[in-house]
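Here is the structure we will look at.
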């Protein structure tokens, strides 16, 4: 595996703040409605495919995401599962207390992923 540094992308009105550390602490936070989800997620997918960490904790705190971004986020999670170096993978799925749709999206992702443990964290 190639050594890689941390990845930090500042958020905008349409894309989230992203902070991925080589130690396996990943965070994506904000609005996820980028003009081109593929462009953003190609960078993220490449980064996690080369992550050399045995334990990953991924905080996902998205206030809103469109359909294409949701599909790309699921692809990113699948790539994390495919990384055989990762032995312990936890997603902390943050959602607004009354946002059933966002909560259910996390549950759908969890059902389709086999090695990933989900923790659901609601906020007001």
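Details
- From most to least packed by mean Cβ count within 10 Å, the peptides 71-79, 104-112 give 71-79, 104-112.
- Each residue in 44, 32, 7 was given a count of other beta-carbon atoms within 10 angstrom of its own, and listing them fewest first yields 7, 44, 32.
- Rounded Å value of the spacing that divides the Cα centres of the range 31-85 and the range 98-124: 15 Å
- Residue 99/residue 38 FRET efficiency (R0 25 Å; Cβ-Cβ; nearest 0.05): 0.45
- Helical contribution to [θ] at 222 nm, DSSP H n ≥ 4, -39,500 (n - 2.57), averaged over the chain, rounded to 500: -11000 deg cm²/dmol
- Three-way shape label, the range 14-55, alpha-carbon gyration tensor, a/c 1.5: oblate
- The gain in end-to-end length when the residue 114 to residue 4 segment is fully stretched comes to 36.9 nm, 0.36 nm per residue minus the alpha carbon separation.
- Fraction of beta bridges assigned by DSSP in the chain that are antiparallel (%, nearest 5): 25 percent
- Summarising the label geometry, the points placed 7 Å from Cα in the beta-carbon direction at residue 121 and residue 17 lie 1.4 nm from one another.
No lab work stands behind these numbers, since they all come straight from the coordinates. The structure presented is a predicted model; accordingly, all values stated were derived computationally and were not measured. Cβ: placed from backbone, ideal geometry, glycine included. Neighbour counts: every protein chain shown.
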